[in-house]
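A.B. asks: Dropping the structure in here first, questions after.
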Amino acid sequence: MAGRYKSDLKWSDVTPKAAFMDRRQLMVGAGALAMGSIAAPALAKLNAAPSKFSTDATPNSLEEITSYNNYYEFGVGKEDPARNAGAMSTDPWSVKIDGLVDKPGDYSFDDIMKGVDLEERIYRFRCVEAWSMVIPWVGFELADLLNRVGVQPGGKYVAFETAVLPDVMPGISRGYLEWPYREGLRMDEAMNPLTIIATGLYDDPIPNQNGAPLRLVVPWKYGFKSIKSIVRISVMDKEPPTSWNMANAREYGFYSNVNPEVDHPRWSQASERMVGGGFFAKRIPTLKFNGYEEQVASLYTGMDLSKNF
Ligand code: MTE
């Protein structure tokens, strides 16, 4: 645990990764061996370019990232997604892009991936439940996709929906949430270069339990904004309804920016437990905007973040 987290980290620093890459290859190998189900994709490396937006904090192991998940469609236990999500087929996959865009339509996974520049983005990930990880995503900027389909002048928000597949998702009939799982961003949040669509993890295609084949990652917001297995992206003129806000508006706001100064009504958000730190690991302080304050604080100038939580 010691040394895993550097509080004096400058998030905009470009990090030399050569030494880290060697160690990481070993970790991927070990993870793939330990988890037979993800050994196959390990053959198709994504060869993503490094990014200046990556943190140089040490990522969690592939096993930690793929065995401790929230994906309620597959059950509410942390091990349920790893156990159940393998039954979901992600090929073929199509995403409906609609609303206030110039080129609406049903886009296949391959259409979406055509011509995108895949980057590795090693991001800190903070769940609203007060645990955190460091995750080496592979993906592309959501702004690239939005610019390709052409956002019309009235487009102020972006709404997302997850697939609803009752045959393979045991959580659907349980009604834990109102399905489809929905999320949304304001247009400037969606266009921020930190906001990515992730398609990979540790240079391999993203495992189903982490949201294959395409999931959102918004690193300065609580993890629940990072919606998995996206099948619809709609550009809207109004703030869209979002699943956790619909379920409990008092506890989950639309913005959900990581904020140690605004507690969840049932627990403190001032600190977090790093997954993999071990039983005796100390909690670490939670950083405003999850450490991405420099890049995103200006999006919220003039807003009261205790009201717009
Ligand atoms: N997306 C869908 N469709 N369903 C979910 O239950 N859980 C969210 C988010 N995206 C969730 C989802 C929550 S609460 C978190 S913390 C993250 O996914 C967890 O992502 P991970 O399992 O890849 O760590």
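A.B. asks: Trypsin sites (Lys or Arg not before Pro) within segment 120-171: which are DSSP loop residues with at most 16 other Cβ atoms inside 10 Å? It would help to have the intermediate numbers written out before the result.
C.D. replies: Working: sites: Arg121, Arg124, Arg126, Arg148, Lys156; in loops: Lys156.
Here the sparse-neighbourhood loop sites are Lys156.
A.B. asks: Just tell me which aspartates and glutamates come within less than 12 Å, Cα to Cα, of Lys225; anything on the same chain fewer than 8 places away is out.
C.D. replies: Hits, sequence-local ones excluded: Glu161, Glu183, Glu189.
A.B. asks: Same structure, new question: Modelled label-to-label distance, Asn248 and Lys96, 7 Å Cα→beta-carbon offset: nm?
C.D. replies: So the two model labels end up 3.0 nm from each other.
A.B. asks: Still on this structure, I have one more. Determine the share of segment 11-300's accessible area contributed by carbon and sulfur atoms, expressed in whole percent, with a 1.4 angstrom probe.
C.D. replies: On the way: 6560 of 11960 Å².
So the carbon and sulfur contribution to the accessible surface is 55 percent.
A.B. asks: Can you figure out the FRET efficiency of Lys307 with Val168, using R₀ = 51 Å and their beta-carbon distance, to the nearest 0.05?
C.D. replies: Working: r = 40 Å, r/R0 = 0.78.
With R0 = 51 Å, the Cβ-Cβ based efficiency is 0.80.
A.B. asks: Ok, one more. Tell me the chymotrypsin sites (Phe, Trp or Tyr not before Pro) within segment 244-302 that lie in a loop according to DSSP and have at most 10 other beta-carbon atoms within 10 Å.
C.D. replies: Working: sites: Trp244, Tyr252, Phe254, Tyr255, Trp267, Phe279, Phe280, Phe289, Tyr292, Tyr300; in loops: Tyr252, Phe254, Tyr255, Phe279, Phe280, Tyr292.
Hits after loop and neighbour filter: Phe279, Phe280.
A.B. asks: May I pose another question? Round to a whole angstrom and tell me the spacing of the C-alpha centers of segment 136-152 and segment 52-102.
C.D. replies: 18
A.B. asks: Please give, to one decimal in nm, the separation of the simple spin-label points placed at Lys45 and Ala297, each 7 Å out from Cα toward the Cβ.
C.D. replies: Placing both labels 7 Å beyond Cα along the Cβ direction yields 3.9 nm.
A.B. asks: Below 8 Å, C-alpha to C-alpha, sequence gap of six or more: please give me the relative contact order for segment 105-211 in percent. Each step should come with its number before you reach the end.
C.D. replies: Working: 122 pairs, mean separation 31.4, N = 107.
The value is 29 percent.
A.B. asks: Taking Rh as the Kirkwood radius, which is the inverse of the mean 1/r over Cα pairs, what is the Rg/Rh value for segment 241-309?
C.D. replies: Details: Rg = 13.7 Å, Rh = 13.5 Å.
Taking Rg over the Kirkwood Rh, I get 1.01.
A.B. asks: P(r) for segment 63-105: what percent of alpha-carbon pairs falls in each 10 Å bin, starting at zero?
C.D. replies: Percent of pairs per bin, in order: 26, 30, 25, 19, 1.
A.B. asks: How much accessible area per residue does the chain have, in Å², with a 1.4 Å probe?
C.D. replies: Values: 13420 Å² over 309 residues.
Using a 1.4 Å probe on heavy atoms only, each residue of the chain averages 43 Å².
A.B. asks: Moving on to the next point. Exactly which trypsin sites (Lys or Arg not before Pro) in segment 252-309 are in a DSSP loop and have at most 13 other Cβ atoms within 10 Å?
C.D. replies: Passing sites in segment 252-309 are Arg266, Lys282, Lys307.
A.B. asks: Hey, which of these cross-link pairs are over 32 Å Cα-Cα: Lys78/Lys282; Lys78/Lys238; Lys78/Lys288; Lys103/Lys288; Lys45/Lys307?
C.D. replies: Details: Lys78/Lys282 21 Å; Lys78/Lys238 34 Å; Lys78/Lys288 26 Å; Lys103/Lys288 37 Å; Lys45/Lys307 44 Å.
Those over the limit are Lys78/Lys238; Lys103/Lys288; Lys45/Lys307.
A.B. asks: Find the all-direction average of the projected area of the Cα convex hull for segment 164-309, expressing the result in square nanometres with one decimal place. Write down the numbers at each step before the final one.
C.D. replies: Working: hull surface 42.1 nm².
Quarter of the Cα hull surface area: 10.5 nm².
A.B. asks: From the C-alpha gyration tensor of the chain, pull out the three semi-axes of the equivalent ellipsoid (sqrt of 5λ each), sorted largest to smallest, in whole Å. Walk me through the numbers on the way to the answer.
C.D. replies: Values: eigenvalues 134, 115, 87 Å².
So the three semi-axes of the chain are 26, 24, 21 Å.
A.B. asks: Under 8 Å for C-alpha pairs, at least 6 residues apart: give me the relative contact order for the chain, rounded to a whole percent. Intermediate results must be reported in sequence, preceding the final value.
C.D. replies: Details: 617 pairs, mean separation 59.4, N = 309.
RCO, the chain: 19 percent.
A.B. asks: For segment 200-241, what D do you get in µm² per second when you plug the Kirkwood radius from alpha-carbon pairs into Stokes-Einstein at 37 °C and 0.692 mPa s? Kindly include the intermediate steps, with their values, before the conclusion.
C.D. replies: Numbers: Rh = 11.7 Å.
The calculation lands on 282 µm²/s.
The values are calculated or read from the model by the stated rules, or taken from the named source; none is laboratory data. Since the structure is predicted, the reported quantities are computational estimates derived from the model, not experimental observations. When we count neighbours, we look across all protein chains shown, and the Cβ atoms used for this are built from the backbone with ideal geometry, even at glycine. Protein only, heavy atoms only, side chains kept; ligands, DNA and RNA dropped before computing areas. Shrake-Rupley method; radii C 1.70, N 1.55, O 1.52, S 1.80 Å.
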